[in-house]
Amino acid sequence: MISAERIAADFSALTQQIVSARGVAVNSYKRSCLERRIAARMRARGAESYASYARVLREDPAEYDALIDALTINVTHLFRDTEVWEGVAERVLPDLWAGNHATINTWVAGCASGEEAYTVAALWHRFLEARGEVGMTSRIRITATDLDPDALALAAVGEFPRESLRDTPADVRARYFTPAAPHVAAAELRRMITFARGDLLATAQPPGSVHLITCRNVLIYFDKPSQDAVFRRFREALAPGGYLVIGKAEAVLGESRLLFDALDHQIRLFRRPM
Ligand SMILES: C[S@@+](CC[C@H](N)C(=O)[O-])C[C@H]1O[C@@H](n2cnc3c(N)ncnc32)[C@H](O)[C@@H]1O
């Protein structure tokens, strides 16, 4: 029988091996989440211990991709939590537009297959169209990042199954998506978004350059020290008065609360103080 100390040491060696081989800080994810994903991959590969799974990874490096894929859960849809986006449309967009910035930068961090980025693009486009200022869409820049290259490849295509649009308001659906599935996003929306690979645990944005960050249902997978590190990075990336929206199951806790003003708990809306 293998001792508990030995199991802990093998687990630690395994995660270090993954970090070194792929540069993804898997040890920043919640321990329970990481253990579950590794256990699932071990079952799939018939590995009975962490040490033997480490050997599988060394002998078949494609297994690293399968593991990271299992760790990056891509579940998403357009206008997920509709009330959040209503709040963003009512409170955030008009305020940012009134700020007369030469460009308004939005960062969708952890965009998966793009649904959240297209949601934000549709909100901005609809806002400008309603004001008769649609010619100004070039002032809106949306950068959408994710760790998972496969999800990003889908995002760039911008075609969505019927299910993905289930919460999309009827006017947005009719205006920006083709009627039959797969629903193709309008070119006006695609033009507003740049998709790029980015590891939230490693990649910083230029300080003070972002006016709105949406990072929803991503932080929930990280342990508390890594959540705090990401919040510090968000605070640096945001311009004074810039907004942050996180997921409804997520919270800004402990020392990170000092970084932002909490504006609306219902929609998890925060702001970098002026
Ligand atoms: C559940 S999806 C959330 C998608 C969307 N934001 C939403 O709320 O519907 C979580 C996404 O976080 C991404 N992710 C996980 N770890 C990441 C990291 N370290 N850096 C960037 N993205 C990461 C995953 O690849 C996945 O696409």
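The values are calculated or read from the model by the stated rules, or taken from the named source; none is laboratory data. As the structure is a prediction and not an experimental result, all values here were calculated from the model. Cβ atoms come from the backbone with ideal geometry, glycine included; neighbour counts cover every protein chain shown. Heads up: the accessible areas ignore ligands, DNA and RNA and are worked out on the full protein's heavy atoms, side chains in. Shrake-Rupley method; radii C 1.70, N 1.55, O 1.52, S 1.80 Å.
If the only charges are +1 at each Lys and Arg Cβ and -1 at each Asp and Glu Cβ, what is the size of the charge dipole of the chain around the Cα centre, to the nearest 20 debye?
Numbers: 34 positive and 34 negative charges, 44 e Å.
That gives a dipole near 220 debye.
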Between helix 115-130 and the chain, what is the angle of the helix's C-alpha long axis to the longest principal axis, kept within 0 to 90° and rounded to the nearest 10?
10
GNM on the chain, C-alpha springs below 10 Å: top fluctuator among ILE193, ILE68, ILE142?
ILE68
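Using only the heavy atoms of the protein chains and a 1.4 Å probe, how would MET42, MET1 rank by accessible area, largest first? Provide the component values of the computation, followed by the final result.
Values: MET42 20, MET1 235 Å².
Ranked list, largest accessible area first: MET1, MET42.
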The range 94-238 - share of DSSP beta bridges that are antiparallel (%, nearest 5):
15
Excluding ligands, DNA and RNA, what is the solvent-accessible area per residue of the chain at a probe of 1.4 Å, expressed in Å²?
47
Interchain or long-range residues, amide H under 5 Å from LYS30's placed H
PHE222, ASP223
Tally Lys/Arg at +1 and Asp/Glu at -1 over every other residue whose Cβ is under 15 Å from the Cβ of VAL230; what's the total?
+2
Among DSSP beta bridges whose residues both lie in the chain, state the antiparallel percentage, nearest 5.
35
To the nearest 10 degrees, how steep is helix 224-237 against the longest Cα principal axis of the chain, on a 0 to 90 scale?
30
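Go through the range 99-147 and name the trypsin sites (Lys or Arg not before Pro) that are in a DSSP coil and have 15 or fewer other Cβ atoms within 10 Å of their Cβ.
Numbers: sites: ARG126, ARG131, ARG139, ARG141; in loops: ARG131.
Loop-located and lightly packed - ARG131.
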Using a 1.4 Å probe and ignoring any ligands, DNA or RNA, find the accessible area of TRP107 and quote it in Å² to the nearest 10.
10
Other-chain or far-sequence residues with amide H under 5 Å of ILE140's (modelled H)
ILE104
Give me the accessible area of SER209, 1.4 Å probe, in Å² rounded to the nearest 10.
40
Of ASN105, SER209, THR145, farthest towards positive along the dipole that unit charges on Lys, Arg, Asp, Glu beta carbons give the chain:
SER209
Anyone know which of ALA249, ALA144, ALA155 comes out most mobile in the 10 Å Cα GNM of the chain?
ALA249
Once both axes come from the Cα atoms, what is the angle between helix 4-22 and the longest principal axis of the chain, in degrees from 0 to 90, rounded to 10?
50
Between the range 193-272 and the range 11-81, what is the C-alpha centre distance in whole Å?
25
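Using a 1.4 Å probe on the protein chains only, how many percent of the accessible area of the range 41-159 belongs to carbon and sulfur? Before the final figure, lay out each step's value.
Working: 2450 of 5050 Å².
On the range 41-159, the fraction of accessible area on carbon and sulfur atoms equals 49 percent.
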Quick one: among VAL184, VAL245, VAL88, which has the greatest mean-square fluctuation in a GNM of the chain with alpha-carbon springs under 10 angstrom?
VAL184
Counting only protein heavy atoms and leaving out ligands, DNA and RNA, the solvent-accessible surface of GLU188 at a 1.4 Å probe, in Å² to the nearest 10, equals 60
Hz values of 3J(HN,Hα) by residue in the range 180-194 - Karplus curve (6.51, -1.76, 1.60), Gly and Pro given as x:
9, 6, x, 7, 8, 6, 5, 4, 4, 6, 4, 4, 7, 10, 10
